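> Dumping the structure here so I can ask a few things about it.
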Ligand SMILES: [Zn+2]
């Protein structure tokens, strides 16, 4: 096994990151960057496979090493679309002091660069090391769902993601994320002449009661918030009649141990409970709003998790500061891996302006991330 020193791999961060930023990979156009990485692997004689997700879209999976344990390092290949008001050219990495500006530099071509440099260089002695590069993270996680549905994705013991660090810089470890889902509630009643109006048959009044009662779900804990709110509503009334159909759409953020399924049950129960003081003939239908992939469910890693503790020690020794595990109030591909029971830990570089103009990543923070990741793998090799 080769060990990393600060003089060899760190000097490669800028050239590789520049190449990644120069390739536009706004979803669903990840093919060019994926082809570039495949050529790089071929040149380096690194075995990899393409996993088709859709026409012209594929994940890349590479593996090296032998052993029972399987550790994966993950990055996504796509970025969001370029927004206006860039002061530099978004597809040209522009270095000013410690900041490297460019579209996706922070989210997450910086992390992608670190994962690639690590994977190409590190040769594990006692475990299998896998690289997961996925498409469509910035959209609906088509790549991660395709991966997790295959043998290559469902078997990892631990996935390390190098998404941007929003809190605590190089000391932070993302140990959990909220779940997020969208639900619909349909209320139906026969259309009646408007002079036959009755409060007990007013489905929009029932809708108002449901909206109000669902706020009992909302709470704030020491690590996150859960809530449900109405995001959209339509109602149908024909001419001089009473309302016959209401469609309500709710957005929900949930905290573990809640799952999207338990939020669905809660909404159903609430709707039926509120309907008790209304006409018996009102029909209620509750479900997920359709999308091609499932909504992402909440997770939180146990604080006694062995990988978490090795990572905490590694961060302590590299940064000389205590590691800070924290919970994040957004969803990512990490939720997809965690929903399969895989340990998922996030470490990232610092930066700014993700998903907006003048996005930048800290080069020194990328350098530290590279050291942390390599040191973590070495620690695993020593204790597996
Ligand atoms: Zn990201």
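> Suppose we keep only residues that are more than 16 Å from residue 137 (Cα to Cα) and within 16 Å of the ligand (Cβ to nearest atom) within region 91-115. Which one would you say is surrounded by the fewest Cβ atoms within 10 Å (Cβ to Cβ)?
Top of the filtered list is 115.
> Now a separate question. Could you grab me the full set of residues in region 53-84 that are within 16 Å of the ligand (Cβ to nearest atom), under 18 Å from residue 38 (Cα atoms) and assigned to a loop (DSSP other than H, G, I, E, B)?
77, 78
> Also: Please verify whether region 218-232 includes one or more residues that are away from the ligand (no atom under 16 Å from the Cβ) and closer than 30 Å to residue 61 by Cα.
Checking region 218-232: not a single residue is away from the ligand (no atom under 16 Å from the Cβ) and closer than 30 Å to residue 61 by Cα.
> Sort out for me the helices (runs of 4 or more DSSP H) sitting completely within region 237-354 that have 3 or more residues that are within 30 Å of residue 201 (Cα to Cα), more than 16 Å from the ligand (Cβ to nearest atom) and over 21 Å from the mean Cα position of the chain (by Cα).
260-275
> Of everything in region 265-274, what is over 16 Å from residue 229 (Cβ atoms) and in contact with a strand residue (DSSP E or B) (Cβ under 6 Å, 6 or more places away or on another chain)? Give them in sequence order.
Once the filter is applied, which keeps residues that are over 16 Å from residue 229 (Cβ atoms) and in contact with a strand residue (DSSP E or B) (Cβ under 6 Å, 6 or more places away or on another chain), region 265-274 yields only 268.
> A further question follows. Being in contact (Cβ under 8 Å) with a residue 24 or more places away in the chain, outside the structural domain of residue 343 (by TED's automatic domain parsing), in contact with a helix residue (DSSP H, G or I) (Cβ under 9 Å, 6 or more places away or on another chain) and on the phi < 0 side of the Ramachandran plot is the requirement here; does residue 228 meet it?
Yes; evaluated as a whole, the condition is true for this residue.
The values are calculated or read from the model by the stated rules, or taken from the named source; none is laboratory data. Note that the structure is predicted; figures quoted are calculated from it, not measured. Using ideal geometry, Cβ is built from the backbone for each residue, glycine included, and neighbour counts are taken over all protein chains shown.
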